[in-house]
Amino acid sequence: MSTPARLPQRDLAIILGLLTLLLFASPLTAWWAGMTLPWYTPYALWGLLVLLGAWVVRRKRRDEP
Amino acid sequence: MNHDLASLFGIGLLYLGLLFLIAHFTDRGRIPARWISHPLTYTLSLGVYATSWSYYGSVGFAHHNGLMYLTIYIGATLAFVLSPLLLQPILRLTRDYQLTSLADLFAFRYRSQGAGALVTLFMLLGTLPYIALQIRAVAESLHVLTQEAPPDIIALVFCIGLILFAVLFGARHLSSREKHRGLVAAIAFESLIKLLVLLAVGLFAVFEVFDGFGGLDSWLQRNPAALEALYRPVSESPWQALIFLSFGAAFLLPRQFHMLFAENLDPKALHTASWALPAFLLLLNLPIPVILWAGQYLQLDMSADYFVLGVTLVHGPSWLSVLAFIGGLSAASAMVIVTSLALASMSLNHLLLPASYPDPEMNLYKWILWGRRLLIALIIMAGYAVYAGLQHQQGLVQLGLISFVAVAQFLPGIVGLLYWKRASRTGFIMGLLGGATVWAVLLLAPLMHSSGMLLVEVPVHSWVAQSGMHKWAFATFASLSVNGLLFVGFSLLSRPGAREQQAAHACCSDTFVPLEGVVAATSPQEFRSGLAETLGQAMAEREVDQALRDLHMHPQERRASELRRLRERIERNLSGLLGPQLAHMIVSRRLLMDPQAQTALADSLQYVEERLEASRSELRGLNVELDRLRRLHRQILQELPLGVCALDHNGKIVLWNLALEVMTGIAAREVIGSPLHALPAPWNGLFGGFARAADQHVHRMQLAVAGRPRWYNLHKSSYAGPTLGEDHTSEPGLVMIIEDLTDLGQLEAELTHSDRLASVGRLAAGVAHEIGNPVTGIASLAQNLREEDDPQEIRRSIEDIIAQTRRIANILKTLQSFSRGGLHLAQYETYALCEVVQEARHLVELTHKHRNVRFDTECPGNISLSGSRQQISQVLVNLLNNAVDASPEGAGVSLSAHTEDDTVRISIEDRGSGIPEDMRQTVLEPFYTTKPTGQGTGLGLSLAHRIIEDHGGRLLIESPPQGGTRMSIVLPLRKP
């Protein structure tokens, strides 16, 4: 079985952008806001996006000659 | 606890002084450059996004709208997450074309001075309330801390301080090429201060107000309404609208655009900022709910906008409240400084310069510098005027959001700029006018009405109520809908011109057009003269020299392709100084293109190569594979061990590979685009002559290179391939291949020399061996003679000695014949071959009478030869002797002769064991023999070979598979 090709940074950016919209600008937003969650929950979700963004950049740097 | 107004004022001035010092030390190089160019410094400088609205206003926003304040930063996070699609293409454009502002970008893409002016005016209108917000935040924070009504004079002094800073550190350089490192350092420092102070206030609220996180949790459990109020607004309608607005504001606000693109020192820093700025914003917002709840817990009697100060005033040490004030001052001052710089640049390029272009006799640089400084002062003072004129009924956030909706009107234009080549100038202007009108009616008019500047009230409230939407969502939706519809509609109805299409291609990252046309000017000096008419002599010279330096171009450059690049570079550099549209107009008028001349393939090729190299990371799908294929083919051509030179149909060089660079010592960049006659000697003659010659191949052509002869093989072929850009000619080009044979010839000569030395060595060893044996024998006999008394023995020994000396004499005689064989050819004679054959046969028969060998000879009587009869006879005797020696007793030896064209072939065949193929060359060497010691000198065959060669003939040795050896002598019938 062949190894799947690594996604280019643009594609990862689009996926990350869609994830941002899913978490913060979709019906899912109202769902997690309606639950009795700790006050820092939105920050935790935001922090997850930041970590994923840092991983995408680190991956790009590793791929660069 | 209140503070003294004068001391806070003094502290504020001291803080501004500290900013001056940081900027000053950075500009002087006292702060290490690697700190300033570090991606984190760049990220912190982008923290200018967080103004006093974020610093003070977020708590007030959270108080009224819960988590809604987060939308302002989630939208910015989304913009930075999408950096590869959004920010990086804009950064590439601004760097490539020296564009310093959003107005520059739009004026460049839509090729319209009107578009640039409209963007500038709308940006000024939309941003002034935002500047006013900052001034108000500083003034009101002073009021909160001192409980004294802050006189307007303090706000005025604050503005003057900002003007001084912006003029001194933000308007030092004229061109966008030179970055304001001091400004970047100061703004980054301000971001760091506001972050640290806000975190400190947050920690103070947790540990001093609530006695730790446990206390905070207990309070939240006792007051569930606080958490419920935080989460409830998430599902309300403006949530998505505000995310959308902040998404646009994150890179379209003048201060953001300026720090992101105009002050970017390293494009790679944007990669780091794409996650580090969201991280910065996250940390900045982390204390907001805690500070809000601390204010509610302390039941502060003030606007929630200033809880950051209030919490520290009621419950904390005085130094913390002063620090909190400094943080707010940082946030406000950074925004005002950078915004005023950006707006000044836009106003200069798109309003002032087009309206009143100065006389070329003036020093244009000074005029621009002072114009920019004056505009900075005017913009900050205009912000102050708006601050003074507005009734301060709105929260800080309300004023900021008015600006956000304003800059969101540029989003359709930006999307069209990056991704829609059909987008037109008319569509952009109409869309922007429509969106701006709706914005002014829905947001600006109510603001002015509430401040008494507008008497007529627009019934916005009823419209909003009828729509069922929130005010901000309604304003955003309405203005952008009108904007987008007009933009798309008018773009589809209008047809963009050629210049606009070219700019559209330049902006859309996946397509591009090569540079076309030929500049009428034929030297950089003519460029200077042409530009001097508009720029003045001094500025024209400086700009042309700068462009020459940027391109590492020779001042006497005359190649059309290079001059075309120089023209483009000058336009880009002027764009950084005067704006893209004015730069384009000046260059178009003063550096005219030759309408008759055709773009050379060399120019297009070079441009395509450069663009592909620069945009490799932007290629996708099949384009990536095509690029790989292109690079492979180019690499093959470049690494070919033969020199390759290709010409286009105009005779201009389009390819000059690495081998040719090494061979000629001429770098490709020096000759690409040149005709062959422009090459230095002797290559111009070699290639020029060969290109004109009828022959497709020339072998071993001698050429004097640096005074030494060299030899080359040359090959050429014409080609007709795909064309680039507008080059639709069907005339073929020419490709020439050159092979340097000089080194190969030298290697051959060295090998021959080595072989000769080896032969001499073998000859010497053979001579030593052959003469050594009889000499040893003579020495032994002579020693015996000394003690021998028997006369018969003495006589026999003497006979033996004589026999040995005769053997030595024979060897020496044969050696002499071997070495002087050629000399005897001076005595030519014509003789009948058959006679010589019979003589040789007779001689050999006598010598080998006892071996019963049969001789079978066949020789036509009419064959006559020229040469040394005696030597040919010796050859035949030697070969016949060898044949007899090789054959078993009683076997037959045949000799036949016959003519073939101009030669005669004499073949001698024996019935021996044959000679292996790998030995056939060795048997011809002197002293090689397979006979027992004393029976052969090993010189016979070697001598025969030598004599035959001296007669212009050849000696062929064949051993058929069935056995035996055939020695064939091929001699010319004519005199050699």
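Here, each number is a calculation from the coordinates, and none is a lab measurement. Just so it is clear, the structure is predicted and the values come from calculations on it, not from any experiment. Ideal geometry is used to build each Cβ from the backbone, glycine not excepted, and the neighbour counts take in all protein chains shown.
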Length-normalised contact order for chain B - Cα pairs under 8 Å, 6+ apart - percent: 11
Radius ratio Rg over Rh of the range B:1-125, counting only Cα atoms, Kirkwood formula for Rh: 1.05
For the range B:78-151 versus the range B:360-379, the gap between their alpha-carbon centres in whole angstrom: 21
Sequence ranges B:915-923, B:251-259, B:786-794, B:859-867, ranked by mean other-Cβ count within 10 angstrom, highest first: B:251-259, B:859-867, B:915-923, B:786-794
Descending semi-axes in Å of the range A:10-63, equivalent ellipsoid built from Cα gyration tensor: 26, 13, 5
Around B:Leu493: net Lys/Arg minus Asp/Glu count, Cβ-Cβ under 13 Å: +3
Under Karplus coefficients 6.51, -1.76 and 1.60, residue-wise ³J(HN,Hα) of the range B:129-142 in Hz, glycine/proline x: x, 5, 5, 4, 4, 5, 5, 5, 4, 5, 5, 6, 5, 5
Exercise: per-residue mean of other protein chain Cβ atoms within 10 Å, A:38-50: 6
Per-peptide average of other Cβ atoms within 10 Å, ordering B:285-296, B:29-40, B:699-710 highest first: B:285-296, B:29-40, B:699-710
Peptide A:22-29 - average C-beta neighbours from other chains (10 Å radius): 4
Order by protection proxy (mean Cβ within 10 Å, highest first), peptides B:795-802, B:51-58, B:83-90: B:51-58, B:83-90, B:795-802
Helix B:560-578 vs. chain B, principal-axis angle (Cα, 0 to 90°, nearest 10): 20
Across B:Lys194/B:Lys268; B:Lys179/B:Lys268; B:Lys268/B:Lys421, pairs whose alpha-carbon gap is larger than 20 Å: B:Lys194/B:Lys268; B:Lys268/B:Lys421
Alpha-carbon centroids, the range B:289-323 and the range B:843-912: separation in whole Å: 127
Helix-only mean residue ellipticity at 222 nm for chain B, each DSSP H run of n ≥ 4 adding -39500 (n - 2.57), per residue, nearest 500: -19500 deg cm²/dmol
Surrounding net charge for B:Ala186, when Lys and Arg each add one and Asp and Glu each subtract one, Cβ distance under 12 Å: -2
10 Å Cβ neighbours from other chains, averaged over peptide B:264-276: 3
Spacing of the two label points (7 Å from each Cα toward its C-beta) at B:Ser718 and B:Leu121, in nm: 6.0
Kirkwood Rh in Å, taken over all unlike Cα pairs in the protein assembly as shown: 36.9
For the range B:225-342: rounded, prolate or oblate by the Cα gyration tensor [a/c cutoff 1.5]: oblate
Cα-based Rg / Dmax (Å) for chain B: 48.8, 161
